[in-house]
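A short worksheet on the structure shown next.
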Amino acid sequence: MLSTILLQAQGGGLGMFLPMILIFVVFYFFMIRPQMKKQKDHKKYIQELGVNAKIVTTAGIHGRIVEVGETSFLVDVGSGVKIRFDKSAVSLDASKALNVEKVEKKDA
């Protein structure tokens, strides 16, 4: 009788944790994994940027890279004005859109 009660208690414990485990798995695949992929893509994009690449910063400033440093870019924003930006300040989404428009204009 005592062993039956212990087995039921152990089975009930797993039954209580199963929904929490499933919620974590769903959370991982819909929230954590896509964010990690986005960070990996952004890091790769930043490493591939070079001199004369057109970029858009997270603040919305458009410019052309003049110099690439270890942790920053020197960006010409027009009329000879140059501003130094941290590499993390470059927006992946806006920069890709800017480059896609450039390619589409060449094809036309």
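Any read-out appearing in this document is the output of simple, stated calculations on the displayed coordinates, not a laboratory observation. Nothing here was measured: the structure is a model prediction, and the numbers come from that model. Here Cβ is always computed from backbone atoms with ideal geometry, including for glycine, and neighbour counts include all displayed protein chains.
In nm, to one decimal, how far is the K44 label point from the K82 one, both placed 7 Å along Cα→Cβ? So the label points at K44 and K82 sit 3.1 nm apart. Full extension of the chain segment joining E70 with M36 gains 9.9 nm, where the gain is 0.36 nm per residue of separation less the Cα-Cα distance. First measure r as the distance between the Cβ atoms of I61 and Y28, then evaluate 1/(1 + (r/R0)^6) with R0 = 30 Å and state the FRET efficiency to the nearest 0.05. Working from the Cβ atoms, E equals 0.25.
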